[in-house]
Amino acid sequence: MLRLNRFGRRTRLTVLALSAVVLLAFCQCGDDVVTDSGSARDTGVDSSADTGMDARLDSALADTGGTDAAGDADAGPPWVGPYPDAEWVGLPGLPAGCVIQRAERREAVLEPTWIPCDVGIEGCTMLPPPPEGLERRFTRRVGDHDGTRGIFVYRDLPSASDQPIVTVLASTVGPPIAAYRMPPLSSEVLCLLASVGIGPSTAAFTTETLTPDLTVRFYFASHEAIGALEEPAHVLTERELLGPSILQTLAVSDTTVVSDIQPSGQVAIMTVDDIRIISPRELSRSPQGVMVSGDNAYWENGSVDVQMMHATLTTGPTVLIDRLPGEVLSSSAHRSMLAWYEAYDQDPVTLRFDRLELWTAAAVSRSEDLEPRLVATQMTRGLGRVLDGYYCFTRRVDLQRYFQLFDLASGRLRELPMPTGWVPAGGFLFLGDGEVGVGVASPEGETLWRIPLASIPYVD
């Protein structure tokens, strides 16, 4: 029988259903734009988004009798999935009935070839469609560039409900960094490869199981090691998570991973050897939009009168940026650079801000060391990210969408209208070596465009 905790069984299953929905929602096509007409947050999905899934999980998990004993890593799954030549082997140490596999032959999952986009953008190339029976979803704003190749994450979702979901940590050159497959969501045992994060030299992912209580396993290693990694760096139970919560986002640097734990409202700062969980008692408001630079953790504090916070494994949390009566919105960190919007004078009726400013600064750990610099003033903002010295986002004006990149050094704006019939689906995934990687979608499905930076002109 499933054991009840103080939150109750239904609550736990609701959160786990939400975790499954988040897993898919982070890959779904959507407009990566927030205008200044409101204070919406990019915080995942509504917990009521899929009550049908909750009911299905509730039924499937009832009285499974699962335990947290290690399962047989060599046991074959009850399903036959795609990419049969990848030599799939099970991750050891998972509970009985949970089979998550990694690919020994990653080149059998993806050996990227690039074909012309044929959309009128000079030099643009894209990934061809996935194999028949699969729908590809790019993980939103998860990717980077290591100086020689772009790195990104996607999931191949099967059209058949009894087939496994494949997660790929891919690169523009050569075989994937790693590839995994997990049971379909219709399985009797909840078993998810959930959140994924990637940096220029390291990658991280989590697995989530319920046997009988929620357990989150966190894996973190270099690109060279992650595809063969067998042991988690940390194992979190409902005691550490303060109930049935999940590691929602993984922000990854070379040494450190930062995650927001939701819905308990905590921040986790993790290395291979250490972990610190900042509890709600240490935070005045719920954390949103976690970021990382080196060993520095950043996040936005709350949803009204928003501040940017800072902490490390041993210091903080402290307020890094407070612009009251303004708000700090749509923040991003990349390597040693921060960028954020400051929003002022919000109309209480229309919720529009009278003034929006894009700022940047070197990543620091103390507010007194911060040297902010105004980049631009504009009346819209995007849910963007800093990549290689640019603040990158997509914008929609009426029916026309645009790629926009603010050069943080000069304040100049690059802009490119999106071809008709295409929408953002993943946003900006990487930038480096003179090209930009963007996840996009058309009625035929999602793909990744590689656009030469020179093909995105400056707006004078």
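The values are calculated or read from the model by the stated rules, or taken from the named source; none is laboratory data. Note that the coordinates shown come from a computational prediction; the quantities given were computed from them, not determined experimentally. Neighbour counts run over all protein chains shown; Cβ positions are idealised from the backbone, glycine included. The area values use the complete protein model at the heavy-atom level, side chains included, leaving out ligands, DNA and RNA. Shrake-Rupley method; radii C 1.70, N 1.55, O 1.52, S 1.80 Å.
Here the mean projected area of the convex hull built on the C-alpha positions of the range 170-212 is 3.9 nm².
Quick check: at a probe of 1.4 Å, how many percent of the accessible area of the range 274-355 sits on carbon and sulfur atoms? For the range 274-355, the apolar C and S fraction of the accessible surface comes to 51 percent.
Remark: the range 333-450 carries 42 Å² of accessible area per residue (probe radius 1.4 Å; ligands, DNA and RNA excluded). A crude spin-label estimate for the pair Thr148 and Val173, with each label 7 Å from Cα along the Cβ direction, gives 0.6 nm.
With protein chains left intact and a 1.4 Å probe, residues in the range 152-272 average 24 Å² of accessible area per residue.
Stretched out straight at 0.36 nm per residue, the stretch from Ala228 to Asp85 would grow longer than its current Cα-Cα span by 49.8 nm. Of the solvent-accessible surface of the range 362-460, computed with a 1.4 Å probe over protein heavy atoms with every protein chain present, carbon and sulfur atoms account for 48 percent.
Note on the range 334-426: Cα-only Rg and Dmax are 14.7, 48 Å. For the pair Arg276 and Asp407, label points projected 7 Å from Cα toward Cβ lie 3.8 nm apart.
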